[in-house]
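Accompanying notes for the structure given below.
The values are calculated or read from the model by the stated rules, or taken from the named source; none is laboratory data. As the structure is a computational prediction, the values presented were derived from the model and not from experiment. Neighbour counts are summed over all protein chains in view; Cβ atoms, including those assigned to glycine, are modelled from backbone coordinates with ideal geometry. Protein only, heavy atoms only, side chains kept; ligands, DNA and RNA dropped before computing areas. Shrake-Rupley method; radii C 1.70, N 1.55, O 1.52, S 1.80 Å.
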Amino acid sequence: MASIRTRLFLTGLLAGAVLPLAATDYQPPIHHDDGWAVADARAMHWDLSRFTELEGKLADKSFKGITSIVVVQGDKLVYEAYFNGGNPDQLNDIRSASKSVTALLVGAAIDRGLIPKVQTPIYGYFSDKQPWQHPDPRKQAITLEDLLTMSSQWECDDENQFSGGNEERMYVTEDWLQFALDLPIKGYAPWMSKPKDSPYGRAFSYCTAGAFVAGAVVERATHKPLADFAAEALEHPLGITQVKWNRSPLGIGMGGGGTRYRSRDLAKLGQLALDGGRWQGQQVISPSWIQAMLTPRAQAREDADYGYLWWRFRFPLKGVEQPTWAMGGNGGNYVFVVPSQKLVAVITSTAYNHSYAHPQSQGIFRDYILKAMP
């Protein structure tokens with residue numbers, strides 16, 4: 001039977017089939033030498049009955065596949081629990097939430113002057129991959145910003161199984177970079193909005209190949225594997241020591257998905273975004289890049305905008321909608337950031353390829369975490 005709840009006991013206990021804790025049995029997260037301060041949610045007047053109810057639904061399998069929930073408010077961990085075999089050292093496969101990490105790495109490269117600006121055309125980095133199929137002046141004009149906002153003119157749509165650029169087609173080729181660079185310019189059917197008719201002047205189309213190429217640009221600009229630059233520019237400054245990056249068949253870092261982090265370390269990424277690129281007083285990413293990254297630049301859906309590889313949702317809190325930025329990936333993996341509340345919440349899940357995964361994690365955040373807030 002899968003573990004229902006796991007607490008960070010000093011004894012090292014990681015998993016056990018136990019009943020959900022009553023609100024009176026709440027235990028604050030355990031302090032470790034990982035940079036996190038901890039706080040008692042009771043003293044902060046959180047409604048712990050919401051967590052008790054949530055744990056009950058995880059125990060009776062109303063919610064499926066959730067492996068961890070970590071909540072931070074005011075720079076302090078206030079809630080941390082593991083379920084269904086999850087544990088503090090688990091490297092969670094966050095799938096497309098990795099794209100948001102790639103956005104941070106683009107910013108780190110720009111901060112260092114290794115990439116001139118976000119509007120830099122991307123084809124100039126890959127002259128060795130010529131000739132490209134479907135030559136078109138509009139392809140030469142595609143910028144890094146186009147990739148970060150999922151609004152390039154490539155015919156690439158992961159949500160359309162017939163799209164030539166669908167990520168599943170890329171995965172069965174050897175040269176993912178050539179696959180992306182060879183994509184044709186897309187057309188617009190009468191029922192599709194063209195960029196000039198779209199909010200923010202960009203026509204959104206979810207394209208993992210584009211995020212992969214953004215990571216490849218970082219590799220070319222830094223002359224380092226993506227994982228090495230990530231360690232140097234992002235992970236080590238945050239005290240992140242355990243991580244796993246994927247690579248393409250030809251060895252290019254996979255900036256589009258599948259990176260694995262521990263839950264507390266995912267919370268650090270959210271806290272970095274919340275605090276304008278700072279961690280424990282150190283400026284890791286420039287505040288100007290964080291501001292640019294967390295600015296709506298395309299409308300992804302009616303209920304969501306998009307910045308630079310970060311989602312922007314709107315969730316109600318005490319009757320008022322709160323802009324919420326998020327890293328999001330297949331299976332219902334999320335890092336939610338609510339600037340107005342100084343709140344970061346991590347939900348990891350293994351409900352991969354299930355239609356309920358995203359609504360489930362968003363529902364947990366909306367109906368339990370936000371409603372538990374003081």
Neighbourhood charge, 15 Å Cβ-Cβ cut-off, centred on Gln242 and excluding it, Lys, Arg +1 and Asp, Glu -1: -1
Anisotropy class of region 249-322 from Cα gyration tensor, a/c 1.5 cut: oblate
Amide H within-cut-off set for Thr295, under 5 Å, with H built and near neighbours excluded: Tyr308
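Assuming R0 = 25 Å, can you tell me the calculated FRET efficiency for the pair Asp197 and Glu321, based on Cβ-Cβ distance, to the nearest 0.05? Could you put the intermediate results ahead of the total?
Numbers: r = 26 Å, r/R0 = 1.03.
My answer for the efficiency is 0.45.
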Residues whose placed amide H lies under 5 Å from that of Asp93, excluding near-sequence neighbours: none
Ordering of 63-72, 229-238 by burial proxy (mean other Cβ atoms within 10 Å per residue, highest first): 63-72, 229-238
Gaussian network model of the chain, springs between alpha carbon atoms under 10 Å - residue of Trp46, Trp154, Trp289 with greatest fluctuation: Trp46
Karplus (6.51, -1.76, 1.60) ³J(HN,Hα), θ = phi - 60°, over region 198-205, in Hz, Gly and Pro reported as x: 9, x, 6, x, 9, 8, 6, 8
Whole-Hz ³J(HN,Hα) from phi, Karplus 6.51 cos²θ - 1.76 cosθ + 1.60, for region 228-245, glycine and proline x: 5, 5, 4, 4, 6, 8, 10, 6, 5, x, 8, x, 8, 10, 10, 7, 9, 9
Anisotropy class of region 173-318 from Cα gyration tensor, a/c 1.5 cut: oblate
Portion, in percent, of the accessible area of the chain that falls on carbon or sulfur, probe 1.4 Å: 52
Shape of region 299-374, Cα gyration tensor, a/c cut at 1.5: oblate
Charge-dipole axis of the chain as Lys and Arg at +1 and Asp and Glu at -1 on Cβ define it, positive-most pick from Ser193, Tyr82, His134: Ser193
Estimated FRET transfer efficiency (Tyr171, Lys129; beta-carbon r; R0 25 Å; 0.05): 0.85
Per principal axis, descending, Cα span of the chain in whole Å: 66, 43, 38
Largest to smallest principal axis extent of the C-alpha atoms in region 81-179, angstrom: 52, 38, 23
Over 26 Å between alpha carbons, listed pairs Lys196/Lys224; Lys139/Lys194; Lys139/Lys196; Lys224/Lys268; Lys64/Lys342: Lys196/Lys224; Lys64/Lys342
